[in-house]
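Working notes, beginning with the structure itself.
The values are calculated or read from the model by the stated rules, or taken from the named source; none is laboratory data. Nothing here was measured: the structure is a model prediction, and the numbers come from that model. FYI the Cβ positions are ideal-geometry reconstructions off the backbone, even for glycines, and counts take in every protein chain you see. We work out accessible area using only protein heavy atoms, side chains counted, and drop any ligands, DNA or RNA first. Shrake-Rupley method; radii C 1.70, N 1.55, O 1.52, S 1.80 Å.
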Amino acid sequence: MVSVKYLFWILSQILFYYASSICITFFNKWSFSGFHFPLVVSFFHMTIVSHVIWLYRTATKSSSCKDEISWKLFFQRICPTAMATAIDIGLSNWSFMYITVSMYTMCKSTTIIFILLSAIIFKIEKPKLLSLVVIALISFGLFLFTYKSTSFHLWGFILVMTASVIGGLRWVLAQILLQRESIGLSSTLEFIYYVEPVMAVSILPSLWELKVSTWFSPLTSFWHVVTSLSTFSS
């Protein structure tokens with residue numbers, strides 16, 4: 001029988017997740033309203049997290065893996081999970097440039113649909129009538145919310161819905177990595193250690209596609225001013 005203390009611990013974790021998720025959502029919307037390079041932020045975030053985890057793992061010499069991850073397991077399990085996570089986060093942040101927080105929240109709530117569908121495909125869950133009813137209700141709610149909406153933006157809607165689809169796949173793949181003992185990633189820190197670097201590399205090509213070089217133009221102009229002044233003074 002599950003103890004009351006354990007249930008309270010689970011409930012507190014859920015409440016903390018909701019509170020932090022809401023804060024991050026509003027912060028992202030506010031920040032990307034003025035800084036129009038969400039994929040740049042996502043890339044540096046993933047890069048910083050991967051370095052912090054590496055430093056922590058090196059300093060504490062902690063590793064919950066039974067053995068080192070093989071290259072075969074790395075490419076077959078780690079890379080797909082990391083790429084799906086990077087796409088989900090990148091497109092979600094990108095969509096904030098076009099849609100409101102309410103639209104974003106409503107669209108992202110459909111992730112549970114794609115989690116269920118992915119779980120059925122990977123044979124983690126079995127299809128049930130109640131699950132199908134929940135999917136139908138969420139889909140109908142999304143239709144009512146977006147139908148003739150004054151704040152509807154097609155490109156933003158495509159971005160956030162694509163993120164929801166990939167997000168469903170992402171969470172199922174993450175569950176497989178963390179719960180299968182044969183893989184050996186029973187620790188979330190160990191999971192982040194392997195996944196975050198691949199996430200950063202996965203999102204890197206999209207930065208050039210969006211002409212991120214324009215982001216560095218103020219720095220380039222400043223450098224030209226400094227070099228011109230130094231040449232003039234000499």
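One decimal place: the segment S12-S187 gains 61.0 nm when fully extended, by the rule 0.36 nm per residue minus the C-alpha distance. Note on S20 and R180: their simple-model spin labels are 2.7 nm apart, each label 7 Å out from Cα toward Cβ.
Per residue, region 1-101 exposes an accessible area of 68 Å² to a 1.4 Å probe, with every protein chain left in place. Pair-distance distribution of region 1-63: all C-alpha pairs, bin width 10 Å, starting at 0; shares per bin in whole percent are 17, 24, 33, 21, 4, 0. Our coupling estimate for region 4-12, obtained by passing each phi through the Karplus curve with A = 6.51, B = -1.76, C = 1.60 and θ = phi - 60°, is 5, 4, 5, 5, 5, 5, 5, 5, 5 Hz, Gly and Pro reported as x.
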